[in-house]
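The values are calculated or read from the model by the stated rules, or taken from the named source; none is laboratory data. Owing to the predicted nature of the structure, the values given are computational and were not obtained by experimental measurement. Quick reminder, even Gly has a Cβ in these numbers, built from the backbone with ideal geometry, and neighbours come from all protein chains shown.
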Amino acid sequence: MLLTRKTTIAVVIGLSGIGMFSVMEVFASGSVDRTAPAGLRHERLRYQDAYYDVVWVDPRQVSLQLFWKRPNGEPFVNFRNLAQWCAEQGETLVFATNAGIYARDRTPLGLHVAQGETLRPLNTGAGGGNFFMKPNGVFFLEDPRGVILETSKYAASDCSPTIAVQSGPLLLQQGQIHPRFIPDSDSRYVRNGVGVNAEGEVVFAISILPVNFHDFALLFRDRLDCADALYLDGAISGMYAPFAGRWDIGLEYVGILAVTERRDS
């Protein structure tokens, strides 16, 4: 399918059982090809009466990057701004999703490594909210496989990642569901997360409608074959993936995980 003109679509995504609208917009000029680029694949799937968009990223074929600010220090904030900046660099944004939880001062709440540089340190503290629902963990790329480690294990390692994002809670740790997750919990939100499968592929999933933590963890373990998975964020989550039929503009993010490609490719 090709979209040959600017299109705006509104869909109800839900928030704690109360409908809200998330606007998705085609902001790339020209037509949009729904064919997935090499190294990425997509499936919109149903699991336990919930629907998800899932994107597999093969870090051996494409460069998964972590964005926060432009070189001048100005935050990207959303997918549209990142796409426009990529275009100025002669690149096309082909995939993006928000990278995790941030602090009130709009800085990453935990570890943030981009292009091998540590911009925010590992956070081993305690507190309230999802980030501090221990065990939490770190998603990172190394060699160039995707890896997810519990925070204390990451701290004890000698990892030298190219990118790293700390968030919480861990959805899965070596196939075990987080001990605080409750089956049939009524705490339901749109959620996005990241897992790693046995092949080292990075697996991103976002729910179409609200789900609870337990069901989201089961998706990664029983449907996506991931032994380790990390929660990224909740109701504000978005995904930009034209090949998957998603053109979310994005809300106000700090970190953005993204794949770009040169326009001449």
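Laid out as a table, the results:
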{"item": "Any hit, segment 241-262, residues being surrounded by fewer than 24 Cβ atoms within 10 Å (Cβ to Cβ), among the acidic types (Asp, Glu), closer than 20 Å to Lys134 by Cα and in contact (Cβ under 8 Å) with a residue 24 or more places away in the chain", "result": "no"}
{"item": "Failed item, numbered, when Pro135 is tested on (1) within 16 Å of Gly193 (Cα to Cα); (2) assigned to a strand (DSSP E or B)", "result": "(2)"}
{"item": "Lone unmet requirement of (1) touching a Cys at 6+ places or on another chain (Cβ under 6 Å); (2) modelled with pLDDT under 95 for Gly200", "result": "(1)"}
{"item": "Odd one out for His214 among (1) more than 20 Å from Arg41 (Cβ to Cβ); (2) buried (at least 17 other Cβ atoms within 10 Å of the Cβ); (3) touching a Cys at 6+ places or on another chain (Cβ under 9 Å)", "result": "(3)"}
{"item": "Residues (within 13 Å of Ile208 (Cβ to Cβ) and hydroxyl-bearing (Ser, Thr, Tyr)) located in segment 42-82", "result": "Tyr47, Tyr51, Tyr52"}
{"item": "Among the residues listed as Gly146, Gly100, Gly129, the single one being modelled with pLDDT under 95 and within 17 Å of Asn192 (Cβ to Cβ)", "result": "Gly100"}
{"item": "All positions within segment 160-186 that are in a strand (DSSP E or B) and farther than 18 Å from Leu66 by Cα", "result": "Leu170, Leu171, Leu172, Gln173, Gln176, Ile177"}
{"item": "Segment 100-148, residues that are buried (at least 21 other Cβ atoms within 10 Å of the Cβ), closer than 19 Å to Glu201 by Cα and free of Cβ contacts under 8 Å to residues at least 40 places away in the same chain", "result": "Phe140"}
{"item": "Among the candidates Glu201, Glu142, Glu117, Glu150, residue that is among the acidic types (Asp, Glu) and in contact with an Asp or Glu (Cβ under 7 Å, 6 or more places away or on another chain)", "result": "Glu201"}
{"item": "Some residue of segment 216-230 being under 18 Å from the mean Cα position of the chain (by Cα), at pLDDT below 95, in a loop (DSSP other than H, G, I, E, B) and hydrophobic (A, V, I, L, M, F, W, C)", "result": "no"}
{"item": "Residue under evaluation Ala205, criteria (1) surrounded by fewer than 24 Cβ atoms within 10 Å (Cβ to Cβ); (2) part of a strand (DSSP E or B), criterion not met", "result": "(1)"}
{"item": "Any pair with Cβ under 7 angstrom, 6 or more apart, that starts in segment 156-176 at a residue that is touching a residue at least 12 places away in the same chain (Cβ under 8 Å) and surrounded by fewer than 20 Cβ atoms within 10 Å (Cβ to Cβ) and ends at one that is among the aliphatic types (A, V, I, L, M) and part of a strand (DSSP E or B)", "result": "Thr162/Leu141; Gln174/Ala227; Gly175/Ala227"}
{"item": "Qualifying residue in segment 61-68 (condition: under 23 Å from Gly168 (Cβ atoms) and of a type in the set (A, V, I, L, M))", "result": "yes"}
{"item": "Any hit, segment 149-159, residues being in contact with a Ser or Thr (Cβ under 7 Å, 6 or more places away or on another chain) and assigned to a strand (DSSP E or B)", "result": "yes"}
{"item": "Failed criterion for Trp85 (all others in (1) in contact with a Phe, Trp or Tyr (Cβ under 8 Å, 6 or more places away or on another chain); (2) of a type outside the set (D, E, K, R); (3) under 23 Å from Val203 (Cα atoms) hold)", "result": "(3)"}
{"item": "Residue match in segment 225-232 (condition: touching a helix residue (DSSP H, G or I) at 6+ places or on another chain (Cβ under 6 Å), within 22 Å of Tyr154 (Cβ to Cβ) and either of a type in the set (A, V, I, L, M) or without any contact (Cβ under 8 Å) to a residue 40 or more places away in the chain (or both))", "result": "yes"}
